[in-house]
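A.B. asks: Can you keep this structure in mind? I'll have questions shortly.
Values in this text are rule-based calculations from the coordinates and carry no lab data. Small disclaimer: the values here were computed from a predicted structure and weren't measured. Reconstructed Cβ throughout: ideal geometry from the backbone, glycine too, with neighbour counts over all protein chains shown.
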Amino acid sequence: MKVLLTGGAGYIGTHTAVELAAAGHDPVVFDALYNSRPEAVRRVERITGRTVPFVEGDCADRAAVERAFAEHRPDAVIHCAGLKAVGESTERPLAYYRNNLDGVLALCEVMAEHGVFRLVFSSSATVYGDPATVPITEDMPLSATNPYGATKLFAERILADAAAADPRWHAVSLRYFNPIGAHPSGLIGEDPRGVPANLFPYMSQAATGRREALRVFGDDYPTPDGTGVRDYLHVVDLARGHVAALEHLDDAPGHRVYNLGTGQGTSVLEAVRAFEEATGAAVPREVVGRRPGDIAVCYADPSAALRDLGWKTELSMAEACADAWRWQTRNPDGYAAAE
Ligand code: WQD
């Protein structure tokens, strides 16, 4: 299938483009380049050995989306584009609602006008808020603890209501847990702008000396070692989950949601030790106070994705750490150096 891949120059998007091509599909990248660079798409072409069409545009700009549809006539859409920083969303809520919700609304309108009703949407485990129990299943209560999470919650509701009103829609929302790592080639990886907010990119940069010591945000949580527990999955596994969902769409009328995670919880200190063991690099760190808004424990029950999509994670934390390190050490300045 020819797939319009919005946000395809980003961390998740580039890895998804590689797996789409590996599965015989034809990705067309559509990206506004707010948090990414054209070099990332060129790297995808190097990995896949094929041309990957790239259209620069914002999903909230209907005319731009129209042009992409008219030129490339996709059979389906994978929608990864969006602003995604939890902390930033609390500082810029209007920008997050405008960008993320206008984007999904404009995209769905243009899709429907072109008779394209196959959609995989990038959602997030953030929609579960602070879960009462773990592991988390898709039927558990949803709540938004920040504007970013709210945009994912509202977008899922938009897709559910669109599908309820028009049976032609076949849409799947994928609730990502914590993606980590990089493609084993070392050519693509996570390239956050500025100081990374997330654990793995910060830890990788701290291990190279590019950043100050890792601040461990709290060791007084009700967890085995007191530090926060998350479900870290290799970004290549996550990308393959998008291909599995895309190939499942014909059998999935309506709107369905799936957790994409390992089903295992890992604490911050366990992740740091795993990173050190896998890379041989030391991670300088210090325990500080909790980060506002953080929850103690969050990890998935991914059994629905296995049952319906035939998907489960296959790559290990050690592989993710080694792949993250290869990307970091070969691209100390991310894609910027190649621009
Ligand atoms: C993981 C753990 C921190 C940084 C967020 C979004 C989520 C998704 C992934 C988009 C926590 C601890 C972190 C640091 C630390 N993004 N930590 N020092 O907060 O689980 O999830 O990113 O979809 O929606 O909410 O990820 O990597 O920021 O934190 O101790 O410098 O690492 O306290 O326990 P998080 P994270």
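A.B. asks: Can you tell me the relative contact order of the chain? Whole percent, Cα pairs under 8 Å, sequence separation 6 or more.
C.D. replies: On the way: 713 pairs, mean separation 66.1, N = 339.
For the chain, the relative contact order is 19 percent.
A.B. asks: Using Cβ contacts closer than 10 Å as the measure, can you line up F275, F69 from fewest to most? Write out the running numbers ahead of the final one.
C.D. replies: Numbers: F275 27, F69 21.
If I rank by nearby Cβ atoms, fewest first, I get F69, F275.
A.B. asks: Moving on. Check cross-link reach from K84 to the lysines: straight Cα distance under 18 Å, and skip same-chain residues fewer than eight apart.
C.D. replies: Answer for K84, where 18 Å is the Cα cut-off: K152, listed by chain and number.
A.B. asks: With +1 on the Cβ of every Lys and Arg and -1 on the Cβ of every Asp and Glu, and nothing else charged, how large is the dipole of the chain about its Cα centre, in debye rounded to the nearest 20?
C.D. replies: Numbers: 32 positive and 45 negative charges, 89 e Å.
So the dipole magnitude of the chain works out to roughly 420 debye.
A.B. asks: I've got another one for you. List the trypsin sites (Lys or Arg not before Pro) within the stretch 50-116 that fall in a DSSP loop (any state other than H, G, I, E or B) and whose Cβ has at most 13 other Cβ atoms within 10 Å.
C.D. replies: Taking the stretch 50-116 and a limit of 13 other Cβ atoms within 10 Å, the loop trypsin sites (Lys or Arg not before Pro) found are R50.
A.B. asks: I need the calculated FRET efficiency for the pair R92 and D220, taking r as the beta carbon distance and R₀ as 51 Å, to the nearest 0.05. Show your work: numbers first, answer last.
C.D. replies: Numbers: r = 30 Å, r/R0 = 0.59.
Calculated transfer efficiency: 0.95.
A.B. asks: Under a 10 Å cutoff between Cα atoms, tell me which one of P93, P284, P224 has the largest fluctuation in the Gaussian network model of the chain.
C.D. replies: Maximum fluctuation in the GNM of the chain, among the listed residues, is at P224.
A.B. asks: Would you mind ranking T133, T145, T126 so that the residue whose beta carbon has the fewest other beta carbons within 10 Å leads the list? Walk me through the intermediate numbers first.
C.D. replies: Numbers: T133 8, T145 17, T126 25.
So the ranking, lowest neighbour count to highest, is T133, T145, T126.
A.B. asks: Another question, then. Between A70 and A337, what is 0.36 nm times their sequence separation minus the Cα-Cα distance? Round to one decimal in nm.
C.D. replies: Between A70 and A337, full extension yields 92.7 nm more.
A.B. asks: Roughly how tilted is helix 147-165, in degrees to the nearest 10 and between 0 and 90, from the longest Cα axis of the chain?
C.D. replies: 30 degrees
A.B. asks: What order do you get for L153, L306, L187 when you list them from fewest to most C-beta neighbours inside 10 Å? Provide the component values of the computation, followed by the final result.
C.D. replies: Working: L153 19, L306 14, L187 22.
Neighbour counts put them in this order, fewest first: L306, L153, L187.
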